[in-house]
1. How tilted is helix 120-133 with respect to the longest principal axis of the chain? Cα atoms for both, answer in degrees (0 to 90, nearest 10).
2. For MET255 and LYS178, FRET efficiency with R0 = 30 Å and r from the beta-carbon atoms, rounded to 0.05?
3. Quick one: among PRO183, PRO254, PRO263, which has the greatest mean-square fluctuation in a GNM of the chain with alpha-carbon springs under 10 angstrom?
4. May I ask you to list the trypsin sites (Lys or Arg not before Pro) in region 216-297 that are in a DSSP loop and have at most 11 other Cβ atoms within 10 Å of their Cβ?
5. Highest GNM mean-square fluctuation, the chain, Cα pairs closer than 10 Å: which of VAL164, VAL123, VAL59?
6. Using DSSP to call loops (not H, G, I, E or B), can you name the trypsin sites (Lys or Arg not before Pro) in region 16-59 whose Cβ has at most 14 other Cβ atoms within 10 angstrom?
7. Please label the shape of region 1-157 as rounded, prolate or oblate, based on the square roots a ≥ b ≥ c of the eigenvalues of the alpha-carbon gyration tensor (a/c under 1.5 means rounded; beyond that, a/b larger than b/c means prolate, else oblate).
8. Find which of PHE88, THR284, GLY104 sits farthest along the positive direction of the dipole of the chain, computed with +1 on the beta-carbon of Lys and Arg, -1 on that of Asp and Glu, about the Cα centre.
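Rule-based calculations on the coordinates, nothing more; no lab input. Keep in mind the model is a prediction, meaning the values are calculated, not measured. No Cβ is skipped: glycine too gets one built from the backbone with ideal geometry, and neighbour counts run over all protein chains shown.
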Amino acid sequence: MAKRKSDFNLWVEGARLRTLPLAIAPIIVASGIANTLQAFDWVKTLLALAVALFLQIGVNYANDYSDGVRGTDSNRVGPLRLTGSGTFKPKTVKLVAFGFLALGGLAGLALIALTQLWWLVGVGAVAILAAWFYTGGKRPYGYAGLGELVVFIFFGIVAVFGTVYVQFPSMFDSTEVKLIAAPGAIGLGLFASAVLMINNIRDIETDRPVGKKTLAVRLGKTVAKVLYLLMIWSPLALGYVYLAIQLPYAFVFPMALILLLIPLTLIVLTAKTPKENILALKLTSYAALLYSVLLALGLWVLV
C-alpha cells in the first residue's frame, strides 16, 4: 500500500499542479465577461474548464515524456520528472499523456455537441496537436523558441474568446464585446507566456547544451528577464481599454495585483541561481490566477 501511495504522489507531482492556474484563469475571466453579457452558463463553463484542465495535465505529461526521452531533463534543476528520472517507463508516461489529452478532447466534443458549434472541432484538434508537438515529434516548436508565442495564443486568445464564444456566439458581431474580452485574453496570454519564460530562464544552463533553443536561450538571460517583466506588467496597462468603454470597475480591481508584482519583480531581478527562479515561477502562475479573479470580480460587479 505504501508503494502505491508513493507512486500516486509522484504522478500528482508529475502533473505539475502549479501550472493549473493557467488553465483555470481564462475560464474565470471568460465567466466574468459572459456574465456582463448576461450569457453566463454553468454547464458550458464547467465543460470548458474540464477541457482546459485535461489538456494542461496532458501537455505536462507529454512534455515529461518527450524531454525525458531526449535527455533534456537529465541535469535539470527543479521538481522530479517521471521519465527523465527513470521512475516510470517512458511508454507509461506517454500513455498517461495521451489519456488526459483524450479526456480533454471528449470534454470538448461534449461542449461542441451542446452548442452545435461543430467548426470548433478543428480548433480542438489544433490545440491537441500543439500540446503534443511543443516538445514532441522530430522538430518540436518549443525547442525552436516558439513556445511563448503558442502559449500566448492558446492560453490567452483561444481560451478566453473561445469560452465566451460558446456562451455568446454573436460576440464577434460586436466591437464593444470584443473590446471587453480583449484585455483579459491578451493579459492572460502574457501571463502564461511569462510563466514559460521564467521557467526557461531557470533552465538556460541545462537547455543550451542539449540543443533546446528556447526563447530565453536565444535572447540570453538579461534580455529574457526584461521581456519577462514586460509580460507581467503589461496586462495592467490593458485596463485602460475598460476606461475607454466606460467599465471602470473592471480596471480598478486588477490594480491590486501590483502588491504581488513588485516583490515578484525584485525576486527575478536579484535571482542568481536557477533555484531562486522556482519561487518566481510559482508566483507568476498565482499572479495569472489573481489577475483573472480580480478582473472577473470587476466584470461581475457591473451587472
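1. Tilt relative to the chain: about 30 degrees.
2. According to the calculation, E is roughly 0.85.
3. Most flexible of the set in this elastic network: PRO263.
4. Those satisfying the criteria are LYS272, LYS275.
5. Ranking VAL164, VAL123, VAL59 by mean-square fluctuation puts VAL123 first.
6. Answer in residue order: no site qualifies.
7. Cα axes put region 1-157 in the prolate bin.
8. Positive-end residue among those listed: PHE88.
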